[in-house]
Every structure is written in C-alpha cells, then in structure tokens.
Amino acid sequence: MAKPTDTYDLAPLKLVPGDGRRVELEARLDDLVFGADTYAATPPQIPVVLDISRMTGGGWALRLRFEAALTGPCMRCLGPAQPSTTVDTREVDAPGGGEELQSPYVDIDVIDIRSWVRDAFALALPAQVVCRPDCAGLCGECGVNLNEHPDHAHERGPDPRWDALRSITFD
Ligand SMILES: [Zn+2]
Ligand SMILES: [Zn+2]
C-alpha cells in the first residue's frame with residue numbers, strides 16, 4: 001500500500017489559469033468519537049480522487065471524493081454497525097477573494113489533505129450510526145433486541161399516569 005499523503009503540494013504541477021488535473025492519492029482517515037464511543041474509520045487508509053483547477057487570477061478550485069465506512073456500535077441496538085459514506089466535497093481558495101473564498105485546508109499551494117478528509121467525512125456521516133436503516137433498536141422496558149424478537153411485547157398494565165389522576169378526589 002502506498003504511503004498516505006497528509007499534505008499535498010500543488011506548486012510542482014505548474015498549472016496555469018484554466019488548467020485542470022486529476023490526481024489519485026492515498027489518504028489517512030482518523031477514527032471518530034461520538035459521545036462515549038469511538039468509531040473506527042474503515043479502512044484507516046483510503047484512495048481519494050482530487051480534482052484540481054487553477055483559477056483565473058490565481059487560487060484553486062478543488063474537489064475531493066472518496067468512500068469509507070465506520071465500524072462501531074449501532075446507536076439503537078448496540079450491535080455491530082458499519083455504515084458506508086460517500087463523500088463529494090469542494091473547496092475554493094482564492095487569494096484576496098474575501099473570507100468565504102479562503103479554504104481552511106489550503107495554505108497558498110499546499111493542501112492539508114488529512115484535515116480535509118477527516119472533516120468532510122465527519123460532515124457527510126449520518127446523524128445516527130445504525131446497523132441498518134430500519135433497525136428496531138432495544139425494548140425500552142427490558143432491553144431485548146427487537147431485531148431478533150420482532151414480536152416482543154409486554155402486557156400493558158394501566159398507564160401509571162392514570163393512578164395520579166385516580167387519587168385526586170373532586171368535592
Ligand atoms: Zn441496530
Ligand atoms: Zn421488553
């Protein structure tokens with residue numbers, strides 16, 4: 001496996017305005033922490049496709065694409081989950097173009113690939129890590145896994161909230 005690229009220097013490409021180039025790199029993917037759980041980036045090193053355009057007046061328009069998964073506990077049933085995420089993200093860095101045209105991942109001609117990959121992956125992830133989209137989770141009363149016991153149910157006693165009402169006497 002090729003050595004991962006943490007930073008990528010655009011200067012040696014010697015692109016002039018209007019030029020474009022596509023490069024394929026190996027990037028490191030850091031594990032992510034959600035609440036108390038750590039989710040392992042899977043695999044920890046991934047191929048990424050970087051599209052580079054040199055803009056008129058200098059600066060860069062960049063597009064980064066990759067696919068990766070996370071491995072960790074399902075947030076509903078605590079079973080193993082490995083959701084896969086596709087990332088397709090763009091950055092523009094134009095000197096003198098104002099704050100919204102400054103990319104936090106580009107320092108003149110050098111791209112911070114590792115930080116960009118990490119942040120883009122975190123942003124593209126679903127809000128909940130689940131083993132499958134229709135995971136039924138655990139029974140709220142006894143903790144039984146409802147994926148394994150789809151017919152699981154409890155005898156319904158009277159709703160405890162009615163007890164409080166019943167104890168009120170109206171004169
Ligand atoms: Zn689940
Ligand atoms: Zn139950």
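Mind listing just one residue for me: the one in segment 132-148 that is part of a loop (DSSP other than H, G, I, E, B) and either touching a Gly at 6+ places or on another chain (Cβ under 9 Å) or charged (D, E, K, R) (or both) and, of those, farthest from ligand 1 (Cβ to nearest atom)?
Just the residues of segment 132-148 that are part of a loop (DSSP other than H, G, I, E, B), to begin with: 132-137, 139-144, 146-148.
So of that shortlist, the ones also either touching a Gly at 6+ places or on another chain (Cβ under 9 Å) or charged (D, E, K, R) (or both) come out as 132, 134-135, 141, 146-148.
On the way: Arg132: 7, Asp134: 9, Cys135: 3, Glu141: 18, Leu146: 9, Asn147: 6, Glu148: 10 Å.
Here the answer is Glu141.
On the given criteria, is Arg156 modelled with pLDDT under 90, away from ligand 2 (no atom under 16 Å from the Cβ), more than 22 Å from the chain's Cα centre (by Cα) and open to solvent by 90 Å² or more (accessible area, probe 1.4 Å)?
Considered against the rule, which asks whether it is modelled with pLDDT under 90, away from ligand 2 (no atom under 16 Å from the Cβ), more than 22 Å from the chain's Cα centre (by Cα) and open to solvent by 90 Å² or more (accessible area, probe 1.4 Å), Arg156 comes out as no.
Could you say which residue among Leu64, Leu10, Leu32 is over 16 Å from Ala120 (Cβ atoms) and either among the hydrophobic types (A, V, I, L, M, F, W, C) or modelled with pLDDT of 95 or more (or both)?
Answer to the selection: Leu10.
Which is open to solvent by less than 60 Å² (accessible area, probe 1.4 Å), in a strand (DSSP E or B) and out of contact with any His (no Cβ under 9 Å at 6 or more places or on another chain), of Gly97, Gly72?
After applying the criteria, what remains is Gly72.
Could you go through segment 26-34 and let me know if any residue there is assigned to a loop (DSSP other than H, G, I, E, B) and touching a helix residue (DSSP H, G or I) at 6+ places or on another chain (Cβ under 8 Å). So that I can check it myself, show each step before the final result.
Going residue by residue through segment 26-34, those that are assigned to a loop (DSSP other than H, G, I, E, B) are 29-31.
From the residues that got through so far, the ones that are touching a helix residue (DSSP H, G or I) at 6+ places or on another chain (Cβ under 8 Å) too are 29-30.
Within segment 26-34, one or more residues are assigned to a loop (DSSP other than H, G, I, E, B) and touching a helix residue (DSSP H, G or I) at 6+ places or on another chain (Cβ under 8 Å).
Looking at (1) crowded, with 20+ Cβ neighbours inside 10 Å; (2) more than 19 Å from the chain's Cα centre (by Cα), which one does Thr56 not meet, given that it meets all the others?
The failed condition is (1).
Taking segment 100-119 only, how many residues are open to solvent by 40 Å² or more (accessible area, probe 1.4 Å) and within 22 Å of the chain's Cα centre (by Cα)?
Residues in segment 100-119 being open to solvent by 40 Å² or more (accessible area, probe 1.4 Å) and within 22 Å of the chain's Cα centre (by Cα): 5 in total.
Would you confirm, using the coordinates I've provided, whether Thr42 is at pLDDT 95 or above and under 16 Å from Val117 (Cα atoms)?
Details: at pLDDT 95 or above: no; under 16 Å from Val117 (Cα atoms): yes.
Criteria not met by Thr42.
I'd like the full set of residues that are touching a residue at least 40 places away in the same chain (Cβ under 8 Å) and not in a strand (DSSP E or B), limited to segment 75-94.
Step one: list which residues in segment 75-94 are touching a residue at least 40 places away in the same chain (Cβ under 8 Å), which gives 75-83, 85.
Those that are touching a residue at least 40 places away in the same chain (Cβ under 8 Å) and not in a strand (DSSP E or B): Met75, Arg76, Cys77, Leu78, Gly79, Gln82, Pro83.
The values are calculated or read from the model by the stated rules, or taken from the named source; none is laboratory data. What you see is a predicted model; the values in this text were computed from it and never measured. Glycine gets a Cβ as well: all are built from the backbone with ideal geometry, and neighbour counts include every protein chain shown. Each accessible area value is taken on the protein alone, full model and side chains, heavy atoms only, with ligands, DNA and RNA left out. Shrake-Rupley method; radii C 1.70, N 1.55, O 1.52, S 1.80 Å.
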